Amino acid sequence: MKQPIKIINATARPQKQNSVPFWKFTNSADTDEPAQLVLYGDISQSSWWGDEVTPKQFDEDLSALGDISALDVRINSGGGDVFAAFAIYNRLITLRKNGVAVRAIIDGWAASAATVIAMAAESIEIPAAACFMVHNPSVCLWGGYNSDDLEKLQGELFVVKSAIAEAYAKKTNKSIEDISAIMDAETWYDGKTAVESGFCDKLFGLDDMKVENCNGRVFVNSVEFGEYSSKIPRNVLNCSSLNENEGSGNIINSTTNKEEDKAMNENELRAKYPDVVKAIEDAATKAERERIKNIEENSYDGYEDLVQDAKYDNPISGDALAVKILAAMKKEGAEVIKNRQADALAAGVQDVGSVHVPAGGDSDEKQFEDDLDAVFNA
């Protein structure tokens, strides 16, 4: 018997457990403080099919808050069930339409389906020491399937991806095509680049942010990145966008319990890692020599100014130089044709009538040449 297909957009693979909501609502006694929706961990710890942890239950819990004017959605999640994410996303959109101010705060990381929920907020805040990841939806399969089943599933995945891309595009003002390419590439951002890309709106400092690396297993505020630990780009893990004004997040390797090296200047880097520096310099020197050689192979007489510019003033590759030279040739060729046409018009070609050329022999050819000379030497 075929088992149900579960489509997810997740870093985790949620399994059916006891029906425990993966959300938590709180409402401050101070009416000036916004209510909170806390989404920590996988979305969801339970399936939303056939159990009591349902969108209906989520809506009832939200309604139990009573009349609220603002809601903070705090996220520290690697994603999960994309249909659960859609339900929360659309419920938050409805709240906004009813005048509730919705703000999302990425406390540690938002990946996969968790980012879909964040898109419902009017404002998304993220610390520099945080991660934000988008990718294509995936499926969990068990049982037997034929090619027709899999082709149908491919169409369903396309529809789910389109729905996710619409949410991203609406927030970022990017085209669906650009969003699709970002999802295809499984793109990771740190806090700063998430803001620069348009997925988030504001950077804020978070002094107690901690990212831990335990023998290759990465945790953000005690939430594991799971199978994606090995795929996170190092520049994201290193929180490269941090500076003194953007919080004091750090990375701790729990096997040594020491902070990783802080940023070093050139002399400190040379002193501590001379072999690495030399290898980098040698590679850069080799690459530059190959670039110059490629430029010389693509150079042409009469275009020395372009060659000089490509080598030193505005460095480009030899291939790029060849394109510039071809463009210059095309422009010059057009100028030559234009000048020839102008010369012909100035010579009065348009006023020349038909010329009778007698038939036969060398005398006919000579007469034709004499007629041409008479036109251009008049």
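The values are calculated or read from the model by the stated rules, or taken from the named source; none is laboratory data. Since the model is a prediction, treat every value here as computed from it, not as a measurement. Glycine gets a Cβ as well: all are built from the backbone with ideal geometry, and neighbour counts include every protein chain shown. Surface areas here come from the heavy atoms of the whole protein model, side chains and all, with no ligands, DNA or RNA. Shrake-Rupley method; radii C 1.70, N 1.55, O 1.52, S 1.80 Å.
For region 174-191, a residue qualifies if it is out of contact with any Gly (no Cβ under 9 Å at 6 or more places or on another chain) and either β-branched (Val, Ile, Thr) or closer than 10 Å to Phe132 by Cα (or both), and the qualifying residues are Ile176, Ile179, Ile182, Thr187, Trp188, Tyr189, Asp190. Set side by side, the residues Ala165, Ala121 differ, and just one is surrounded by 13 or more Cβ atoms within 10 Å (Cβ to Cβ), under 15 Å from the mean Cα position of the chain (by Cα), of a type in the set (A, V, I, L, M) and at pLDDT 95 or above, which is Ala165. Scanning region 340-351 for residues that are exposed (fewer than 13 other Cβ atoms within 10 Å of the Cβ) and either on the phi < 0 side of the Ramachandran plot or modelled with pLDDT of 75 or more (or both) yields Arg340, Gln341, Ala342, Asp343, Leu345, Ala346, Val349, Gln350, Asp351.
Taking the options Ile337, Ile251, Ile295, name whichever one is assigned to a helix (DSSP H, G or I) and modelled with pLDDT under 75.
Working: Ile251 fails: assigned to a helix (DSSP H, G or I); Ile295 fails: modelled with pLDDT under 75.
Within the list Ile337, Ile251, Ile295, the selection yields Ile337.
Residue count for region 33-47, restricted to those that are open to solvent by 70 Å² or more (accessible area, probe 1.4 Å) and either touching a helix residue (DSSP H, G or I) at 6+ places or on another chain (Cβ under 8 Å) or at pLDDT 75 or above (or both): 2. Taking the conditions (1) open to solvent by less than 10 Å² (accessible area, probe 1.4 Å); (2) under 15 Å from Phe25 (Cβ atoms); (3) touching a strand residue (DSSP E or B) at 6+ places or on another chain (Cβ under 7 Å) in turn, Arg74 satisfies each one other than (1).
Is it true that Thr115 is in contact with a Gly (Cβ under 6 Å, 6 or more places away or on another chain) and among the hydroxyl-bearing types (Ser, Thr, Tyr)? I'd like the intermediate steps shown before the answer.
Numbers: in contact with a Gly (Cβ under 6 Å, 6 or more places away or on another chain): no; among the hydroxyl-bearing types (Ser, Thr, Tyr): yes.
Spelling it out, it is not the case that Thr115 is in contact with a Gly (Cβ under 6 Å, 6 or more places away or on another chain) and among the hydroxyl-bearing types (Ser, Thr, Tyr).
State whether the residues of region 298-312 include one that is more than 23 Å from Glu332 (Cβ to Cβ) and either free of Cβ contacts under 8 Å to residues at least 24 places away in the same chain or of a type in the set (Asp, Glu) (or both). Yes; the residues of region 298-312 include at least one that is more than 23 Å from Glu332 (Cβ to Cβ) and either free of Cβ contacts under 8 Å to residues at least 24 places away in the same chain or of a type in the set (Asp, Glu) (or both). Counting the residues of region 110-141 that are out of contact with any Lys or Arg (no Cβ under 6 Å at 6 or more places or on another chain) and more than 17 Å from Tyr168 (Cα to Cα) gives 6.
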